[in-house]
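Notes follow once the structure below has been shown.
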């Protein structure tokens, strides 16, 4: 229901209007990305489904190549019985980083696979604090201490939080994790508790990025 607020999701473009390409392996994708640096509108990569026997990059290959060149993965779409489409685009200025991608970039760096575009994005994120502020994934993220304390002070909010599904709980937590200032985090915490306390009202998503910057 609130999946449109998850991190690192690119704006949706139709495959008909965008570039769609297939690559037999990650080296061919790496070559294409080297020849098409940012700025670029993005690409739909055709990924062959398992069991088809078609030479193709895998989802992991696409993610790694994107990170190496300073791009990110976005939407995934079914194409046909043999392929699905994976959207990749250049990372937007000041976009947030996930710990999953931070850890993977560290592995790719150690393997000597990072390219100039990817290294530039890492340097920029380290310089402005986004690297250190990378957020945990839904699988790894727990309930932050300030949210836990606020829920202890508000039984009504705590009950509603417990009723939320995993994704909606994570979006509440993610809004706090992605706050870039203490003031923003406090404001989001107060807003989250107020909405949780409003039992019987339609649930509204909590802002998960620091306006007005894009994620």
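Give the residue that is nearest to residue 72 (Cα to Cα), with candidates limited to residues of the range 107-130 that are surrounded by 12 or more Cβ atoms within 10 Å (Cβ to Cβ) and at pLDDT below 95.
The qualifying residue nearest to residue 72 (Cα to Cα) is 130.
Where the second residue is in a helix (DSSP H, G or I) and the first is over 19 Å from residue 109 (Cβ atoms) and lies in the range 119-137, which pairs have Cβ atoms under 6 Å and are six or more apart or on separate chains?
Going by the 6 Å Cβ cut-off, the qualifying pairs are 135/177; 136/99; 137/100.
Being loosely packed, with under 14 Cβ neighbours inside 10 Å and more than 24 Å from the chain's Cα centre (by Cα) is the filter here, so list the residues in the range 132-154 that pass it.
Residues satisfying the conditions are 148, 149, 152, 153.
Against the definition (part of a helix (DSSP H, G or I) and either in contact (Cβ under 8 Å) with a residue 24 or more places away in the chain or not assigned by TED's automatic domain parsing to the domain that holds residue 37 (or both)), how does residue 152 come out, yes or no?
Answer is yes for this residue.
Failed condition for residue 76, given (1) surrounded by 14 or more Cβ atoms within 10 Å (Cβ to Cβ); (2) in contact (Cβ under 8 Å) with a residue 24 or more places away in the chain; (3) closer than 22 Å to residue 21 by Cα, with all others met?
(2)
Within the range 53-67, does at least one residue satisfy the condition of being surrounded by 16 or more Cβ atoms within 10 Å (Cβ to Cβ), out of contact with any helix residue (DSSP H, G or I) (no Cβ under 7 Å at 6 or more places or on another chain), in the same structural domain as residue 27 (by TED's automatic domain parsing) and under 20 Å from residue 135 (Cα atoms)?
yes
Based on this model, can you work out whether residue 38 counts as at pLDDT below 95 and in contact with a helix residue (DSSP H, G or I) (Cβ under 8 Å, 6 or more places away or on another chain)?
Details: at pLDDT below 95: yes; in contact with a helix residue (DSSP H, G or I) (Cβ under 8 Å, 6 or more places away or on another chain): yes.
Taking the combined requirement at face value, the residue satisfies it.
Got at least one residue in the range 174-185 being in contact with a strand residue (DSSP E or B) (Cβ under 8 Å, 6 or more places away or on another chain), at pLDDT below 95 and part of a helix (DSSP H, G or I)?
The answer is yes, given that some residue of the range 174-185 is in contact with a strand residue (DSSP E or B) (Cβ under 8 Å, 6 or more places away or on another chain), at pLDDT below 95 and part of a helix (DSSP H, G or I).
The values are calculated or read from the model by the stated rules, or taken from the named source; none is laboratory data. Everything numeric here is computed off the predicted structure, so don't read it as measured data. Positions of Cβ are generated from backbone atoms using ideal geometry, with glycine treated the same way; all protein chains shown enter the neighbour counts.
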